[in-house]
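S.K.: What follows is a structure written as structure tokens; I'll ask about it next.
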Amino acid sequence: MGSVIFSVFDVLNLILVLLLWIYTLKIYKKLPEKIPTHFDFEGKPDHFGKKRFAFLLPVLSAIFYIAFIFISKFPETGNFPVEITDVNSSAQFFIMILLMKGLLFFILLLFLNIQDYTFRYSFNAESKARVPILIFIPFIFLSVMAAIIAAYVYR
């Protein structure tokens, strides 16, 4: 069961990384020379930079994807909130790998949303984010909290 869930997350995460790259490459030539590079809490840009900044999130997504895959392959190197024993190691590794793959999924969705908003704002200053950016923060926080609770339940 775990390997199926992990494989689904791997495929979904790879699709999101590829979508981010394809979207960036498709829009890049049309972008103006200056694009938003940072947004305040209200979603308004408060810093602008050259259009090559558009590649930051795709590069970060690829780095995160590779790093998270590597970390998931060697869960015993992770930092756990409980002591790892022969009895609890499989449950603890499952929880940690699920958390890593789930976090990557949320981070990649966030990156895709930010990239979309950056591009749309570059063409129209009245644009709004399709999904409010701050909505991702509770999902990321709750994922980590759920993993910590699960780690203690299955210690």
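The values are calculated or read from the model by the stated rules, or taken from the named source; none is laboratory data. Please read all numbers here as calculations on a predicted model, not as lab measurements. Positions of Cβ are backbone-derived with ideal geometry, glycine not excepted, and every protein chain shown enters the neighbour counts. Note: accessible area is taken over every heavy atom of the protein model, side chains too, but ligands, DNA and RNA are not part of it. Shrake-Rupley method; radii C 1.70, N 1.55, O 1.52, S 1.80 Å.
S.K.: Looking at the range 34-57 only, could you name the residues that are in a strand (DSSP E or B), under 19 Å from Leu134 (Cα atoms) and open to solvent by 80 Å² or more (accessible area, probe 1.4 Å)? Even if it seems obvious, please write down each step before you answer.
M.R.: Taking the range 34-57 first, the residues in a strand (DSSP E or B) are 34-39, 45-50.
Adding the requirement that they be under 19 Å from Leu134 (Cα atoms) leaves 36-39, 45-47.
Listed by number, the residues that qualify are His38, Asp46, His47.
S.K.: Could you give every pair whose Cβ atoms fall below 8 Å, whose first residue belongs to the range 104-115 and is at negative phi, and whose second residue is modelled with pLDDT under 95 and among the charged types (D, E, K, R), counting only separations of at least 6 or pairs across chains?
M.R.: Asn113/Arg130
S.K.: Could you look through the range 127-155, keep only residues that are assigned to a loop (DSSP other than H, G, I, E, B) and either open to solvent by less than 40 Å² (accessible area, probe 1.4 Å) or touching a helix residue (DSSP H, G or I) at 6+ places or on another chain (Cβ under 7 Å) (or both), and pick out the one that is farthest from Leu103 (Cα to Cα)? Before the answer, list the steps.
M.R.: Pass one, the range 127-155, residues assigned to a loop (DSSP other than H, G, I, E, B): 127-132, 154-155.
Cutting the leftovers down to either open to solvent by less than 40 Å² (accessible area, probe 1.4 Å) or touching a helix residue (DSSP H, G or I) at 6+ places or on another chain (Cβ under 7 Å) (or both) gives us 127, 129-131, 154.
On the way: Ser127: 27, Ala129: 21, Arg130: 20, Val131: 17, Tyr154: 20 Å.
Here the answer is Ser127.
S.K.: Please indicate, with yes or no, whether at least one residue in the range 84-105 is in contact with a helix residue (DSSP H, G or I) (Cβ under 6 Å, 6 or more places away or on another chain), under 22 Å from Phe6 (Cβ atoms) and not in a helix (DSSP H, G or I).
M.R.: Yes.
S.K.: Return yes when Leu109 is in contact with a Leu (Cβ under 9 Å, 6 or more places away or on another chain), open to solvent by 50 Å² or more (accessible area, probe 1.4 Å) and within 30 Å of Lys51 (Cβ to Cβ) and no when it is not.
M.R.: It is true that Leu109 is in contact with a Leu (Cβ under 9 Å, 6 or more places away or on another chain), open to solvent by 50 Å² or more (accessible area, probe 1.4 Å) and within 30 Å of Lys51 (Cβ to Cβ).
Residues checked against (1) within 21 Å of Ile107 (Cβ to Cβ); (2) touching a strand residue (DSSP E or B) at 6+ places or on another chain (Cβ under 6 Å):
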site: Leu14; (1), (2): yes, no
site: Leu20; (1), (2): yes, no
site: Leu25; (1), (2): yes, no
site: Glu33; (1), (2): no, no
site: Thr37; (1), (2): yes, yes
site: Glu42; (1), (2): no, no
site: Lys50; (1), (2): no, no
site: Phe53; (1), (2): yes, yes
site: Pro58; (1), (2): yes, no
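S.K.: Is it the case that Leu60 is open to solvent by 30 Å² or more (accessible area, probe 1.4 Å) and either modelled with pLDDT of 95 or more or part of a loop (DSSP other than H, G, I, E, B) (or both)? Spell out the reasoning first.
M.R.: On the way: open to solvent by 30 Å² or more (accessible area, probe 1.4 Å): yes; either modelled with pLDDT of 95 or more or part of a loop (DSSP other than H, G, I, E, B) (or both): yes.
Yes; evaluated as a whole, the condition is true for this residue.
S.K.: May I ask you to say which residue of Leu31, Leu18 is open to solvent by 80 Å² or more (accessible area, probe 1.4 Å) and either within 27 Å of Arg120 (Cα to Cα) or of a type in the set (A, V, I, L, M) (or both)?
M.R.: Details: Leu31 fails: open to solvent by 80 Å² or more (accessible area, probe 1.4 Å).
When all the criteria are applied, what remains is Leu18.
S.K.: Here's a follow-up. Under the condition of being open to solvent by 40 Å² or more (accessible area, probe 1.4 Å) and among the β-branched types (Val, Ile, Thr), which residue from the range 70-104 is modelled with the highest pLDDT?
M.R.: Val87
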